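Notes to accompany the following structure.
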Amino acid sequence: MRKQFEERLPFPLDDFQRRALDALDAGHSVLVAAPTGSGKTVVAEYAVASAVSAGRKAFYTTPIKALSNQKFRDLRAVYGSDRVGLLTGDNAINGDAPVVVMTTEVLRNMIYEGSSTLDALAAVVLDEVHYLQDPYRGAVWEEVIIHLDPAVRLVCLSATVSNAEEFGDWLGTVRGGTEVVIEERRPVELEHLYGVALRDVEELLVLPTFVREGRRARPNPKAAEFDPSGPPFGPRRGRRPPLGRVPRARPVAPRRADVAEELARRSMLPAICFIFSRAGCDDAVRQCLAARVRLGHSPERQRVREIAEAHCRGLSDADLEALGYGPWLAALEEGVAAHHAGMVPPMKEAVEEAFLAGLVKVVFATETLALGVNLPARSVVIEKLTKFTGERHEVLTPGEYTQLTGRAGRRGIDDIGYGLVLWSRFARFDQVAGLASKRSYELRSSFRPTYNMAVNLVRRYAPEEARHLLNLSFAQYGIDRDVVAVEHRIDDARQRVEAARVEVECELGDVVEYEGLVDALAAARRARAALQSGERARAAGQETRGTRSNLASLRPGDVVSAGGRIGRVVVVQRGAGRGGGARVTALDERGHTVRLGETGVREPPVVVGRVRLPEPYRPKSAAFRREAVARLRRAEIRTPAQSGATARRRAGDENKVAEIEAKLARHPIAECPALARHLDALSRARRLEREVTRAQARAGGRGDTLSRRFDQVLDVLGRRGYVEGWSLTPAGEMLSRIYSETDLLVAEAIREGVLAGLKPAEVAAVASLFTFEARGPEVPAPARWPTSAVAQRGRAVSALWRSIRGDEAAAGLPEMRSPQAGFVEAAYAWAAGDELDEVLEEEELTGGDFV
């Protein structure tokens with residue numbers, strides 16, 4: 001099968017691909033960390049092919065629906081439409097097929113539900129696995145890795161990260177044998193460039209970011225001359241240039257149309273220009289049209305129109321007009337297009353197909369295009385190094401820069417790819433050079449217990465097992481790697497306990513019962529020996545009465561008779577007196593301290609019993625002393641009057657030993673030739689069980705960070721009636737099937753009947769409160785409720801959120817995202833039957849935002 005697979009590939013395998021395929025052939029899971037465009041997908045495709053050829057199933061998971069749709073099309077072209085399915089929440093196509101593409105959340109939900117679709121599953125591909133650091137959705141990847149059947153092989157595909165070995169170690173600890181394959185070399189060399197426009201000068205300067213000095217590269221000093229921190233923007237602003245030196249032209253941000261034409265002139269197309277704003281992408285297309293940028297050719301335009309019409313055939317004329325189809329198609333024919341989440345899917349898919357066909361030469365896109373969608377280009381342009389995160393502007397991380405520029409350079413087509421960063425007064429040149437010089441970033445977990453996760457853990461596992469699974473997370477591994485190692489040892493010890501228990505079984509009889517008799521015989525013999533030893537000690541004590549050895553032999557816990565008014569006391573501490581002799585501190589039955597020394601003791605103390613002192617041993621603690629006195633009062637005391645009883649006990653002990661010896665001789669197990677092996681296995685199982693107990697205590701002590709968060713979540717769920725002890729209420733069962741950032745709020749709204757009795761359009765309006773999230777830092781405008789019923793229910797949802805927030809604050813949890821009413825009117829209008837153009841015009845939305 002391997003040979004046939006390799007023969008179908010358009011190019012020979014690279015070394016890292018061969019190593020990854022070897023690992024899969026050996027039955028291991030594999031983590032492949034490699035640059036974008038290096039061919040990681042080949043490893044995933046081989047895992048799928050191996051599963052299918054063995055008559056098993058393979059799942060291909062992705063972080064976004066667009067990528068799932070693309071993989072669905074790719075795999076269907078290989079295996080046929082009847083053997084490939086798609087499950088994204090929006091679409092459910094052939095879900096029982098041997099190959100199913102899905103978003104990672106769908107697989108997580110299947111695992112929690114114990115879906116029969118998981119039967120015969122052999123391999124799971126986790127594409128873009130570095131997405132587990134996403135603050136909102138990243139925990140899903142870890143949930144899948146931890147909960148998925150250990151027999152299923154994982155193929156984890158990641159961008160190049162600096163701690164790939166650490167991540168691979170964690171995978172191996174949690175999943176078993178995992179091969180880590182790291183490839184840092186790009187298949188196509190990347191050249192970093194810096195683009196600067198000069199005021200009153202038409203030429204756009206494109207300079208290398210680095211210059212070579214032997215084998216080393218350093219930031220280009222010519223490009224550094226345009227650093228915005230220098231003149232005319234920096235500290236030396238206003239100073240005149242040295243005598244005889246011509247002042248240089250002032251740098252400005254390049255115009256988008258000029259960038260497109262300069263790339264065409266330098267044969268650096270096709271290109272993806274990343275602009276971190278949907279409106280900016282649309283503006284860039286309009287600017288290119290206004291500047292008469294012509295990148296398309298006459299023979300190509302007919303093909304572009306065919307692609308556009310094929311994808312948009314399902315939209316009505318009114319919808320097309322509302323979505324700006326005419327201007328969009330005109331730009332597409334000129335070889336220019338935008339690509340962002342504000343576009344409806346048919347238009348985005350048309351852009352993707354036209355770009356892959358070489359008909360669209362420049363795409364202005366937001367960074368979502370960089371996440372897995374297969375649109376390689378010769379050049380990547382980054383307009384600014386800062387982007388708005390929804391709350392503030394932040395500089396790109398090295399990982400984000402690497403992800404964006406990873407699209408530059410088409411394998412098998414380009415000898416070199418280009419990453420061009422444009423001048424901006426808000427980014428210093430050393431920032432540009434610094435990002436370009438760092439090839440990877442550190443992967444960090446965003447795993448945290450949620451309400452839905454908590455109830456599913458309660459539903460499926462015992463308390464200690466649930467905490468054990470939390471401690472297996474990559475988040476906990478980052479907090480304390482040793483905890484995960486301990487948890488793995490717990491798993492290993494449990495498996496060895498089970499194996500030992502199998503060896504214990506004997507068809508002749510009960511080995512545990514036989515071992516109990518052996519233990520009872522040993523105890524009876526010890527009791528007999530202790531009685532004999534005590535008699536000898538008492539006799540020796542009478543002979544050495546008044547000698548130094550009597551006090552020196554006392555131990556903490558001995559009950560002694562000190563004579564006179566002191567009576568019985570319990571020894572709690574032993575030390576040395578002033579003269580160097582023994583000095584013993586004891587407590588009498590009233591709790592008073594008694595000090596027994598070499599001098600002042602009229603009668604030598606006689607040991608008349610023994611008690612177990614409290615733990616921990618703190619003889620100066622009041623609590624310790626109170627408990628020691630209580631145990632003294634309950635102690636069984638030997639007195640001379642009991643000599644007859646002692647004799648009777650001695651005889652009883654002898655009889656007991658003989659009786660147990662007879663039972664052992666008659667026990668059916670005694671005839672088993674493998675008796676020694678059975679008993680050894682039982683002893684080994686008991687030892688391993690103690691090891692598990694100690695390891696659990698160790699993991700609990702070190703790994704309390706996530707456990708504490710879990711307890712806080714359980715506290716809120718208990719307050720609100722979703723859990724009782726370690727079991728789910730009916731409300732908890734409902735919550736276990738609600739997957740949302742606002743899961744508890746949704747559940748509370750259902751319990752309170754917030755959605756009951758509403759018309760369909762009103763249900764849509766109220767439901768939007770749980771899902772809509774405003775973009776931008778502006779304070780949301782006051783809610784405009786379409787009906788009084790929606791207003792009433794909207795206020796009820798807000799009241800529920802405030803109530804939950806109170807419980808979260810009391811438990812020490814961060815607050816859940818608040819409900820937002822920014823989409824209420826649009827949801828109501830659409831569900832009530834309004835036309836798309838009316839909804840978009842009234843709400844000032846783009847088509848993609850609405851969808």
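The values are calculated or read from the model by the stated rules, or taken from the named source; none is laboratory data. For clarity, every value in this text was computed on a predicted model and none was experimentally measured. Because the Cβ atoms are built from the backbone with ideal geometry, glycine has one as well, and the counts that use them run over all protein chains shown. Note: areas computed on protein heavy atoms with side chains; ligands, DNA, RNA excluded. Shrake-Rupley method; radii C 1.70, N 1.55, O 1.52, S 1.80 Å.
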(request) All but one of (1) in contact with a helix residue (DSSP H, G or I) (Cβ under 8 Å, 6 or more places away or on another chain); (2) crowded, with 20+ Cβ neighbours inside 10 Å; (3) modelled with pLDDT under 95; (4) in a helix (DSSP H, G or I) hold for residue 47, so report the exception by its number. (result) (3)
(request) Sort through 84, 129, 106, 99 and tell me the only one that's under 21 Å from the mean Cα position of the chain (by Cα), at pLDDT 90 or above and either surrounded by 15 or more Cβ atoms within 10 Å (Cβ to Cβ) or not hydrophobic (A, V, I, L, M, F, W, C) (or both). (result) 106
(message) Of the conditions (1) open to solvent by less than 40 Å² (accessible area, probe 1.4 Å); (2) closer than 18 Å to residue 406 by Cα; (3) outside any strand (DSSP E or B), residue 194 satisfies every one except a single condition; which number is it?
(response) (3)
(request) Scan the range 300-318 for residues that are over 41 Å from the mean Cα position of the chain (by Cα) and either farther than 22 Å from residue 836 by Cβ or assigned to a helix (DSSP H, G or I) (or both) and jot them down. (result) 300, 301, 302, 303, 304, 305, 306, 309, 317, 318
(message) Step by step: first the residues of the range 388-412, then only those that are among the small types (Gly, Ala, Ser) and surrounded by 15 or more Cβ atoms within 10 Å (Cβ to Cβ), then the one that is modelled with the lowest pLDDT. Which residue is that?
(response) 399
(request) Give the residues of the range 246-273 that are more than 21 Å from residue 226 (Cβ to Cβ), not hydroxyl-bearing (Ser, Thr, Tyr) and not in a helix (DSSP H, G or I), sorted by residue number. (result) 269, 270, 271, 272
(request) Can you tell me which residue within the range 206-216, out of those that are in contact (Cβ under 8 Å) with a residue 12 or more places away in the chain and open to solvent by 40 Å² or more (accessible area, probe 1.4 Å), is nearest to residue 256 (Cα to Cα)? (result) 208
(request) Could you grab me the full set of residues in the range 650-684 that are under 53 Å from the mean Cα position of the chain (by Cα), open to solvent by 40 Å² or more (accessible area, probe 1.4 Å) and aliphatic (A, V, I, L, M)? (result) 676, 679
(request) Given the conditions (1) over 21 Å from residue 187 (Cα atoms); (2) polar (S, T, N, Q); (3) open to solvent by 20 Å² or more (accessible area, probe 1.4 Å); (4) touching a residue at least 60 places away in the same chain (Cβ under 8 Å), report the number of the one that residue 62 does not fulfil. (result) (3)
(request) Check every one of the helices (runs of 4 or more DSSP H) wholly within the range 719-825 and list those with 2 or more residues that are acidic (Asp, Glu) and open to solvent by less than 50 Å² (accessible area, probe 1.4 Å). (result) 743-751, 788-811
(request) Among the helices (runs of 4 or more DSSP H) lying completely within the range 413-524, list those that include at least 1 residues that are open to solvent by 50 Å² or more (accessible area, probe 1.4 Å), among the charged types (D, E, K, R) and over 30 Å from residue 667 (Cβ atoms). (result) 429-437, 451-460, 463-471, 481-504
(message) Being farther than 24 Å from residue 177 by Cα and either touching a residue at least 24 places away in the same chain (Cβ under 8 Å) or assigned to a helix (DSSP H, G or I) (or both) narrows it down to one residue among 31, 86, 67, 13; which is it?
(response) 67
(request) Consider only pairs whose beta carbons are under 8 Å apart and that are at least six residues apart or on different chains; among these, list those whose first residue lies in the range 812-829 and is within 24 Å of residue 761 (Cα to Cα) and whose second residue is of a type in the set (Asp, Glu) and modelled with pLDDT of 90 or more. (result) 828/762
(request) Determine the pairs where a residue that is on the phi > 0 side of the Ramachandran plot, located within the range 111-125, has a partner that is at pLDDT 90 or above and buried (at least 21 other Cβ atoms within 10 Å of the Cβ) with Cβ atoms under 6 Å apart, the partner being 6 or more residues away or on another chain. (result) 120/57
(request) Collect the residues in the range 140-167 that are surrounded by 22 or more Cβ atoms within 10 Å (Cβ to Cβ) and part of a helix (DSSP H, G or I), keeping them in residue-number order. (result) 140, 141, 142, 143, 144, 145, 164, 167
(request) Could you look through the range 584-621, keep only residues that are small (Gly, Ala, Ser) and within 14 Å of residue 633 (Cα to Cα), and pick out the one that is modelled with the highest pLDDT? (result) 586
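Yes or no, residue by residue, for (1) outside any strand (DSSP E or B); (2) over 25 Å from residue 54 (Cα atoms); (3) in contact with a Lys or Arg (Cβ under 9 Å, 6 or more places away or on another chain):
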| site | (1), (2), (3) |
| --- | --- |
| 102 | no, no, no |
| 106 | yes, no, no |
| 109 | yes, yes, yes |
| 112 | yes, yes, yes |
| 117 | yes, no, yes |
| 122 | no, no, yes |
| 130 | yes, yes, no |
| 135 | yes, yes, no |
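Every residue, every condition in (1) without any contact (Cβ under 8 Å) to a residue 60 or more places away in the chain; (2) farther than 21 Å from residue 458 by Cα; (3) touching a strand residue (DSSP E or B) at 6+ places or on another chain (Cβ under 7 Å), yes or no:
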position	(1), (2), (3)
724	yes, no, no
744	no, no, no
756	yes, yes, no
760	no, yes, no
767	no, yes, no
774	yes, yes, no
799	yes, yes, no
(message) Please pick out the residue among 26, 34 that is open to solvent by 30 Å² or more (accessible area, probe 1.4 Å) and aliphatic (A, V, I, L, M).
(response) 26
(message) Scan the range 190-198 and tell me whether some residue there is within 17 Å of residue 43 (Cα to Cα) and either in contact with a Pro (Cβ under 9 Å, 6 or more places away or on another chain) or of a type in the set (A, V, I, L, M, F, W, C) (or both).
(response) no
